[in-house]
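Asks: Structure in structure tokens, see below.
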Amino acid sequence: MKKSDFRFFHRLRVRWAEVDMQRIVFNAHYLMYLDTAIADYWRALALPYESGMLLLEGDMYVKKAILEYQASARYEDQLDIGMRCVRVGTSSMVFDGAVFRGDECLVSGELIYVFANPHTQKSKPVPPKLRGLFEAYESGQPVVQCQVGSWDLLGGATRAVRDEVFVKEQGIAATIVWDDADAHAVHALLTNHLGQAVAAGRLLQHASGVGRIGRMAVPRVLRGANLGRDVLLALVQSSRERGDHEVMLNAQCSAQGFYQRFGFVPRGAVFEEAGIAHIGMVLARDSETH
């Protein structure tokens, strides 16, 4: 297999516990690498596995795994694990996987999953929505839909994302998460192929010509799949379309690097809000986003 055969990769570094006395990776660990990559593959599909399978009324079980070894990975190697869905049958799904060190393929493999009833573990047909999701991702089509609109239109789904991130995960009081500004804000919402809300944010008019982005939320299990990027760019675009010359936001310090990648620069000192360290950031109209 070649690296160009894949559009999805999971990156990892070989740890000491995974190698033998010669610092060569134990054979069984390669299957673990593929399994770890599959878990990350769901993130690329914008599909939270547990809640997604509940909606699909099934689960996926490994039926067969095949590995072919060409060379060994060693301690401290940085590996890229490629994964792709190559076929969806009536009730089965076939994935090709490969472990690369640079462009060198060390191990290739095939994983066959069966979609089944989680209670009886008896196979059942792959749901059309799941089949369509695999096809969309592997063909390079979007796996999410971005909607921009009012609270009346998007508020219900947005509320679910905020509750999960701010209230349940970060422990922020609901009275802080919700305010009257939602009623006149511009909201951006991402939904996946199952109609699940997977990311949200809002845009306020902070002052004349100045937009203010806030309430940016992506569930923990889906972070790293560029969902926050899509919401941010949609809100920045909305701000520019209404003529704002500047967009500002208060970023949690842990997310400062994320916003800097899109041209936002810090302004002012670090401060605390809802018990979490924040930093003010700003994006001028002539700044580029990526």
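Asks: From (1) at pLDDT 95 or above; (2) closer than 25 Å to residue 194 by Cβ, pick out the condition that doesn't hold for residue 3.
Replies: (2)
Asks: Being more than 28 Å from residue 49 (Cα to Cα), part of a strand (DSSP E or B) and either assigned by TED's automatic domain parsing to the domain that holds residue 172 or touching a strand residue (DSSP E or B) at 6+ places or on another chain (Cβ under 9 Å) (or both) is true for just one of 247, 198, 236. Which residue is that?
Replies: 247
Asks: Out of 228, 201, 211, I need the residue that is small (Gly, Ala, Ser), free of Cβ contacts under 8 Å to residues at least 40 places away in the same chain and over 18 Å from residue 165 (Cβ atoms). Which one?
Replies: Of the residues listed, the single one that is small (Gly, Ala, Ser), free of Cβ contacts under 8 Å to residues at least 40 places away in the same chain and over 18 Å from residue 165 (Cβ atoms) is 211.
Asks: Mind checking whether some residue in the range 152-167 is in contact with a Ser or Thr (Cβ under 8 Å, 6 or more places away or on another chain), surrounded by 15 or more Cβ atoms within 10 Å (Cβ to Cβ) and closer than 29 Å to residue 36 by Cα? Talk me through it step by step, then tell me what you get.
Replies: Going residue by residue through the range 152-167, those that are in contact with a Ser or Thr (Cβ under 8 Å, 6 or more places away or on another chain) are 157.
Then keep just the ones that are surrounded by 15 or more Cβ atoms within 10 Å (Cβ to Cβ); that gives 157.
Restricting the remaining residues to those that are closer than 29 Å to residue 36 by Cα gives none.
The answer is no, given that none of the residues of the range 152-167 is in contact with a Ser or Thr (Cβ under 8 Å, 6 or more places away or on another chain), surrounded by 15 or more Cβ atoms within 10 Å (Cβ to Cβ) and closer than 29 Å to residue 36 by Cα.
Asks: From the residues in the range 1-30 that are surrounded by 15 or more Cβ atoms within 10 Å (Cβ to Cβ) and in a helix (DSSP H, G or I), which one is farthest from the chain's Cα centre (by Cα)?
Replies: Here the answer is 18.
Asks: Please verify whether residue 148 is part of a strand (DSSP E or B), over 16 Å from residue 41 (Cβ atoms) and within 23 Å of the chain's Cα centre (by Cα), treating the condition exactly as stated.
Replies: When the stated conditions are applied, residue 148 passes them.
Asks: Can you tell me which residue within the range 65-115, out of those that are assigned to a strand (DSSP E or B) and of a type in the set (Asp, Glu), is farthest from the chain's Cα centre (by Cα)?
Replies: Out of the qualifying residues, it is 68.
The values are calculated or read from the model by the stated rules, or taken from the named source; none is laboratory data. The model shown is predicted, which means the values in this text are computed figures rather than measured ones. As a convention, Cβ positions derive from the backbone with ideal geometry for all residues, glycine included, and neighbour counts pool all protein chains shown.
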